[in-house]
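Have a look at the structure below before the remarks.
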Amino acid sequence: MTTIKYAQTQEDLDAHLDLLKLIRCPLCGRTGYLNRHGHLKGYSDSEHEKSERGRRVFCSNRNCREGCGRTYSILLAYCLFRRMLSTLQLWAFISLILGGASIKSAWEQTCKLALETAYSTWNAFKRNQSHIRSMLSRHAAPPKSTQTGVYDQLARHLKDTFAGKDDPIREFQCSFQAPFLR
């Protein structure tokens, strides 16, 4: 069995955590030393209290065990790594900008966070486009497009790769077990 970085649902996460003793540690490669180590909680833009975003896992080196003593995280797929924004909000934000809205107006329609966050999020999307394209190309060839903008083409590729899904960024993270924005 292999470990995961993103779980589609809370039930998938719990099922994976139930099998931790059978899973190889992604950090040291040893089997039988993984333990649940706590909840990952964080704020979202719409709530004033913390919500669960995933779980931490510890490779035990206590009491002469041979684990590495390090932890890693498993996130729920709708969460973005190190961001308060959800994947659905990010997709709506990107779609509005590519539809012709300004960054400011797209942000105000999708999120309640500071405007500075909008610009840093958009720049992170632009900065990570080659990573996103290479991951998508492993799954499906880019669609034939009449779009001239590189970001329009990328959004089309993402949407076509995960056709029929309302949250393609979430599907990206689950399918590739990699963060959409690094």
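Below are the figures for this structure:
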{"quantity": "Cα-centred dipole magnitude for the range 47-135, charges only on beta-carbon of K, R (+1) and D, E (-1), debye, nearest 20", "calculated": "380 debye"}
{"quantity": "Residue order, fewest to most surrounding Cβ atoms within 10 angstrom, among Leu96, Leu22, Leu158", "calculated": "Leu22, Leu96, Leu158"}
{"quantity": "Gained length - Leu22 relative to Thr9, 0.36 nm times residue gap less alpha-carbon distance", "calculated": "2.6 nm"}
{"quantity": "Computed E for Lys165/Ser145 - FRET, C-beta separation, R0 30 angstrom, nearest 0.05", "calculated": "0.95"}
{"quantity": "Cα-centre dipole for the chain with unit charges at Cβ (Lys and Arg positive, Asp and Glu negative), debye to 20", "calculated": "780 debye"}
{"quantity": "Cα-Cα pairs of the range 6-76 separated by more than 19 Å (percent)", "calculated": "37 percent"}
{"quantity": "Using a Förster distance of 22 Å, the FRET efficiency for Lys50-Tyr72 (Cβ separation, nearest 0.05)", "calculated": "0.60"}
{"quantity": "Greater than 26 Å apart at Cα, pairs in Lys21/Lys41; Lys41/Lys126; Lys21/Lys165", "calculated": "Lys41/Lys126; Lys21/Lys165"}
{"quantity": "Expected-Rg normalisation [2.2 N^0.38 Å, Cα atoms] applied to the range 1-147", "calculated": "1.28"}
{"quantity": "16 Å Cα-Cα reach of Lys144 towards lysines, excluding residues that sit fewer than 8 places from it in its own chain", "calculated": "Lys159"}
{"quantity": "Loop chymotrypsin sites (Phe, Trp or Tyr not before Pro), the range 21-119, which have at most 16 other Cβ atoms in a 10 Å radius of their Cβ (DSSP)", "calculated": "Tyr43, Phe81"}
{"quantity": "Loop-resident sites, the range 1-72, for GluC sites (Glu not before Pro), counting at most 10 other Cβ within 10 Å (DSSP)", "calculated": "Glu47, Glu49"}
{"quantity": "Percent RCO, i.e. relative contact order, over the chain, from Cα pairs under 8 Å lying at least 6 residues apart", "calculated": "19 percent"}
{"quantity": "Estimated inter-spin distance, Arg127 and Leu88, nm [label 7 Å along Cα→Cβ]", "calculated": "2.8 nm"}
{"quantity": "Cysteines in the chain lacking a second Cys C-beta under 4.7 Å", "calculated": "Cys64, Cys79, Cys111, Cys174"}
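Here, each number is a calculation from the coordinates, and none is a lab measurement. Note that this is a predicted model, so its numbers are computed, not measured. Using ideal geometry, Cβ is built from the backbone for each residue, glycine included, and neighbour counts are taken over all protein chains shown.
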